[in-house]
Amino acid sequence: MSALIRFLAEFCRAHPLDEKVLVVPSFVAGRQIGEALAGEAGAWVNLRFVTTPALAAEVLQRSGGAGAARPMTASAELALTDRLFREILAEGKLEYFGRAGASPGLAQARHRAIRELRLDGRSSADLKPERFLMAQKGRELALLLGRYERALEEEGLVDLA
(Lines give C-alpha, C1' and ligand atoms only; values in the text may rest on other atoms or scores of the structure.)
Protein backbone atom coordinates (compact mmCIF):
# COMPACT_ATOMS: atom_id res chain seq x y z
CA MET A 1 0.00 0.00 0.00
CA SER A 2 1.42 3.42 -0.94
CA ALA A 3 2.21 6.05 1.65
CA LEU A 4 -0.56 8.30 0.28
CA ILE A 5 -3.20 5.58 0.60
CA ARG A 6 -1.98 4.67 4.10
CA PHE A 7 -2.10 8.33 5.18
CA LEU A 8 -5.58 8.86 3.72
CA ALA A 9 -6.90 5.67 5.32
CA GLU A 10 -5.60 6.70 8.74
CA PHE A 11 -6.84 10.28 8.33
CA CYS A 12 -10.33 9.12 7.25
CA ARG A 13 -10.53 6.75 10.26
CA ALA A 14 -9.42 9.55 12.63
CA HIS A 15 -11.92 12.08 11.20
CA PRO A 16 -14.92 10.05 9.99
CA LEU A 17 -17.53 12.80 10.23
CA ASP A 18 -15.45 15.77 9.10
CA GLU A 19 -15.57 16.89 5.49
CA LYS A 20 -12.23 16.20 3.85
CA VAL A 21 -11.13 17.74 0.56
CA LEU A 22 -8.15 16.40 -1.36
CA VAL A 23 -6.90 18.60 -4.19
CA VAL A 24 -5.93 16.43 -7.16
CA PRO A 25 -4.53 17.24 -10.61
CA SER A 26 -7.61 15.81 -12.34
CA PHE A 27 -10.88 14.13 -11.44
CA VAL A 28 -9.57 10.96 -13.07
CA ALA A 29 -6.62 10.96 -10.65
CA GLY A 30 -9.04 11.51 -7.75
CA ARG A 31 -11.16 8.59 -8.85
CA GLN A 32 -8.08 6.36 -9.09
CA ILE A 33 -6.99 7.39 -5.59
CA GLY A 34 -10.51 6.72 -4.30
CA GLU A 35 -10.59 3.29 -5.90
CA ALA A 36 -7.17 2.42 -4.48
CA LEU A 37 -8.25 3.66 -1.06
CA ALA A 38 -11.44 1.61 -1.15
CA GLY A 39 -9.62 -1.48 -2.36
CA GLU A 40 -6.79 -1.33 0.14
CA ALA A 41 -8.24 0.33 3.21
CA GLY A 42 -12.01 0.01 2.96
CA ALA A 43 -14.42 2.93 3.01
CA TRP A 44 -13.50 6.58 2.92
CA VAL A 45 -16.34 8.66 4.29
CA ASN A 46 -16.69 12.39 3.57
CA LEU A 47 -13.54 12.54 1.42
CA ARG A 48 -14.04 14.62 -1.69
CA PHE A 49 -11.62 14.94 -4.60
CA VAL A 50 -11.46 18.30 -6.33
CA THR A 51 -9.21 20.08 -8.85
CA THR A 52 -7.82 23.54 -8.18
CA PRO A 53 -10.02 25.23 -10.83
CA ALA A 54 -13.12 23.44 -9.53
CA LEU A 55 -12.32 24.44 -5.95
CA ALA A 56 -11.75 28.07 -7.00
CA ALA A 57 -15.08 28.08 -8.87
CA GLU A 58 -16.85 26.61 -5.86
CA VAL A 59 -15.36 29.22 -3.51
CA LEU A 60 -16.27 31.99 -5.93
CA GLN A 61 -19.86 30.78 -6.21
CA ARG A 62 -20.29 30.36 -2.46
CA SER A 63 -18.79 33.75 -1.60
CA GLY A 64 -20.55 35.64 -4.35
CA GLY A 65 -17.15 37.15 -5.11
CA ALA A 66 -16.15 38.97 -8.29
CA GLY A 67 -19.60 40.56 -8.54
CA ALA A 68 -21.24 37.14 -8.60
CA ALA A 69 -19.42 36.37 -11.84
CA ARG A 70 -19.93 32.97 -13.41
CA PRO A 71 -16.82 30.79 -13.64
CA MET A 72 -16.17 29.25 -17.05
CA THR A 73 -14.96 25.80 -17.92
CA ALA A 74 -12.07 25.32 -20.36
CA SER A 75 -14.64 24.41 -23.03
CA ALA A 76 -16.53 27.65 -22.41
CA GLU A 77 -13.27 29.62 -22.66
CA LEU A 78 -12.54 27.92 -26.00
CA ALA A 79 -16.04 28.66 -27.27
CA LEU A 80 -15.78 32.31 -26.23
CA THR A 81 -12.36 32.70 -27.87
CA ASP A 82 -13.62 31.13 -31.07
CA ARG A 83 -16.80 33.24 -31.13
CA LEU A 84 -14.79 36.44 -30.67
CA PHE A 85 -12.31 35.38 -33.35
CA ARG A 86 -15.15 34.74 -35.81
CA GLU A 87 -16.69 38.14 -35.01
CA ILE A 88 -13.38 39.92 -35.65
CA LEU A 89 -12.87 37.85 -38.82
CA ALA A 90 -16.34 38.85 -40.07
CA GLU A 91 -15.46 42.51 -39.44
CA GLY A 92 -12.50 42.09 -41.80
CA LYS A 93 -9.94 43.06 -39.16
CA LEU A 94 -7.77 39.94 -39.41
CA GLU A 95 -5.07 39.95 -42.03
CA TYR A 96 -2.54 37.61 -40.41
CA PHE A 97 -4.92 35.16 -38.70
CA GLY A 98 -7.61 35.61 -41.33
CA ARG A 99 -5.58 33.73 -43.95
CA ALA A 100 -5.71 30.55 -41.86
CA GLY A 101 -9.45 30.70 -41.26
CA ALA A 102 -11.46 29.34 -38.35
CA SER A 103 -10.49 25.67 -38.13
CA PRO A 104 -10.92 23.67 -34.88
CA GLY A 105 -7.17 23.11 -34.47
CA LEU A 106 -6.36 26.77 -34.85
CA ALA A 107 -9.21 27.71 -32.51
CA GLN A 108 -7.60 25.54 -29.83
CA ALA A 109 -4.18 27.10 -30.50
CA ARG A 110 -5.62 30.63 -30.18
CA HIS A 111 -7.41 29.62 -26.97
CA ARG A 112 -4.17 28.22 -25.52
CA ALA A 113 -2.37 31.45 -26.41
CA ILE A 114 -5.05 33.60 -24.75
CA ARG A 115 -5.15 31.34 -21.70
CA GLU A 116 -1.34 31.33 -21.30
CA LEU A 117 -1.19 35.11 -21.56
CA ARG A 118 -3.94 35.49 -18.96
CA LEU A 119 -2.39 32.92 -16.61
CA ASP A 120 0.88 34.85 -16.91
CA GLY A 121 -0.97 37.99 -15.78
CA ARG A 122 -0.73 39.70 -19.19
CA SER A 123 -3.42 41.91 -20.66
CA SER A 124 -3.98 43.22 -24.18
CA ALA A 125 -2.26 46.46 -23.14
CA ASP A 126 0.90 44.48 -22.31
CA LEU A 127 1.29 43.09 -25.83
CA LYS A 128 3.70 45.10 -27.97
CA PRO A 129 3.21 44.22 -31.65
CA GLU A 130 6.70 45.45 -32.54
CA ARG A 131 8.16 42.68 -30.36
CA PHE A 132 6.58 39.98 -32.51
CA LEU A 133 8.36 38.55 -35.51
CA MET A 134 5.37 39.80 -37.49
CA ALA A 135 3.88 42.96 -35.99
CA GLN A 136 0.49 42.22 -37.60
CA LYS A 137 0.30 38.99 -35.60
CA GLY A 138 0.93 40.96 -32.40
CA ARG A 139 -1.74 43.53 -33.27
CA GLU A 140 -4.32 40.86 -34.01
CA LEU A 141 -3.49 38.84 -30.91
CA ALA A 142 -3.82 42.02 -28.81
CA LEU A 143 -7.16 42.74 -30.49
CA LEU A 144 -8.45 39.23 -29.73
CA LEU A 145 -7.20 39.37 -26.13
CA GLY A 146 -8.79 42.81 -25.67
CA ARG A 147 -12.14 41.54 -26.93
CA TYR A 148 -11.82 38.52 -24.65
CA GLU A 149 -11.16 40.75 -21.62
CA ARG A 150 -14.10 42.99 -22.52
CA ALA A 151 -16.40 39.99 -23.02
CA LEU A 152 -15.50 38.62 -19.58
CA GLU A 153 -16.38 41.94 -18.00
CA GLU A 154 -19.57 42.59 -19.98
CA GLU A 155 -20.93 39.05 -19.68
CA GLY A 156 -20.02 38.62 -16.00
CA LEU A 157 -17.68 35.70 -16.60
CA VAL A 158 -14.51 34.54 -14.87
CA ASP A 159 -11.92 32.38 -16.56
CA LEU A 160 -9.26 30.21 -14.95
CA ALA A 161 -6.84 33.13 -14.74
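Brief remarks on what is shown
- Along the chain, longest interval not containing exposed trypsin sites (Lys or Arg not before Pro), exposed being DSSP loop plus at most 15 other Cβ atoms within 10 Å: 1-92
- Length-normalised contact order of the chain in % [C-alpha pairs under 8 Å, at least 6 apart]: 22
- Protein accessible area in the stretch 34-149, 1.4 Å probe - carbon and sulfur %: 55
- Computed over the alpha carbons of the chain, Rg followed by Dmax gives 21.2, 63 Å.
- Full-extension gain in nm, LEU4 to SER75, via 0.36 nm per residue minus C-alpha separation: 22.4 nm
- Within the listed set LEU80, LEU89, LEU17, the Gaussian network model of the chain (springs between alpha-carbon atoms below 10 Å) gives the highest mean-square fluctuation for LEU17.
- Loop-located GluC sites (Glu not before Pro) in the stretch 80-128 whose Cβ has at most 14 other Cβ within 10 Å (DSSP): GLU91, GLU95
The values are calculated or read from the model by the stated rules, or taken from the named source; none is laboratory data. Just so it is clear, the structure is predicted and the values come from calculations on it, not from any experiment. We place every Cβ from the backbone using ideal geometry, glycine too, and count neighbours over all the protein chains shown. In case anyone asks, the SASA skips ligands and DNA or RNA and just uses the protein heavy atoms, side chains included. Shrake-Rupley method; radii C 1.70, N 1.55, O 1.52, S 1.80 Å.
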